[in-house]
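The structure appears right after this line, and notes come after that.
The values are calculated or read from the model by the stated rules, or taken from the named source; none is laboratory data. Every value quoted in this text rests on a predicted model; they were computed, and no experiment measured them. In case anyone asks, the SASA skips ligands and DNA or RNA and just uses the protein heavy atoms, side chains included. Shrake-Rupley method; radii C 1.70, N 1.55, O 1.52, S 1.80 Å.
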Amino acid sequence: MGQMSLKGRGQGVDLGTSTLSLIRSIFFSFLGLEFPYDPLNLFPFFVFLSPRPQRIGAAPTDDDVDDNTGRCVIITRLAAAPHHCIMAIVPCSVFESRRFSVWSRSDPAHKANQMTVSVTGATGFIGRRLVQRLHADNHRVHILTRSRSKAELIFPVKDFPEIVIAEEPEWKDSVHSSNGVVNLAGMPISTRWSSEIKKEIKQSRIRVTSKVVDLINNAPDAVRPTVLVSATAVGYYGSSETQIFDEQSPPGNDYLAEVCREWEATALRVNNDIRVALIRIGVVLGKDGGALAKMIPLFMMFAGGPLGSGKQWFSWIHLDDIVNLIYEALSNPSYKGVINGTAPNPVRLAEMCEHLGNAMGRPSWLPVPDIALKAVLGEGASVVLEGQRVLPTRAKELGFPFKYPYVKDALKAILS
């Protein structure tokens, strides 16, 4: 099957800052926010100020992508190495997505287990790695996107000849030909929260999730997917320095908890005969994107450090593990209901930054003060100045094998 080419949207052009001094370039440049997952596990590492660029000729998409649209942006998360095949990995650059050329084994047993999976948010950090993993294992992948040109750049036909790229009018055909659907989409978050921004944050998640659920529910029985894996976030639990949260914990009462509750409720409108796994994702660590891609250069310049006091809890997960967890949820019927997508050993932010500095041979000494965050983020500052200690109780009960249970080992692997 050749790669489907469908109508795409124009891309915007950012007109940004001019020359800045070294210190200002460190502390006043933009960062992007990753979703699946998701921007709602909003535990970032660094916040920077920058002049507000103008964005010309582009509307925001619901794909899971890094956002460079402005002012103050928070970045979080996420990668998985494909296996069960023989493959060559060729990095484009140290902080860009790696593209894969894959030579896979083919046998009857594998073909019997072959899935067709539709993925929203496939152009984002988690989505890219999940698609690579599925493709490497010879599963068929349909990318449900609102930006064909973006998807084609990330998944060129020469490297991914069997992947189908479908814009919204074609989502129905893709979903109705799939065994499973993975929903990772959400509009990026940036700048301080206004009532309009907060509305867009919520609506982008609910709109895409509702569309996917409706497509599944309206599918004839013979072509209806059997599983929906939908991302949500640890923001569901609210923030606390003292509480420990697992899948049985009640929701928080702040804005992000409200968004997560409605997001999850929308996914659960799917027909009862569909298996649903809701993955509440923590901060995803990986070298090719997310927070570490921005932190590493800062630590290299001896400018690294935590946000605020550094005492807030940091519930993290390695990109390999979150992609493997989603992959397992697709194929394993035991994976259903809420599953926390976090490592078994959360740490406080100061400890995480200390481990990162040690792994790089650099100090973690330059924190971002509370007052600067509150000045830029307003209401949103509570999200970055407080965290939550989230445990993956359900994943451990299911026997999920975490490759990186400790942040020290995860960072060493990422930086090796």
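Summary table below
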| item | result |
| --- | --- |
| Proximal lysines to Lys396, defined as alpha-carbon separation beneath 18 angstrom and excluding residues fewer than eight positions away on the same chain | Lys336 |
| Heavy-atom SASA rank of Asp159, Asp321, Asp173, Asp409 (probe 1.4 Å, accessible area, largest first) | Asp173, Asp409, Asp159, Asp321 |
| Sequence-distant lysines (8 or more away, or on other chains) whose Cα lies within less than 27 Å of Lys374 | Lys198, Lys199, Lys202, Lys294, Lys311 |
| Relative contact order [Cα under 8 Å, 6+ residues apart], region 115-415, whole percent | 18 percent |
| Portion, in percent, of the accessible area of region 115-415 that falls on carbon or sulfur, probe 1.4 Å | 51 percent |
| Solvent exposure ordering (accessible area, 1.4 Å, most first) of Arg133, Arg394 | Arg394, Arg133 |
| Accessible surface, region 115-415, averaged per residue in Å² (probe 1.4 Å) | 35 Å² |
| Cα gyration tensor shape for region 331-416, rounded if a/c is under 1.5, else prolate or oblate | oblate |
| Span from the region 155-176 Cα centroid across to the region 126-148 one, whole angstrom | 9 Å |
| Sequence of Lys412, Lys294 from largest to smallest accessible area, 1.4 Å probe | Lys412, Lys294 |
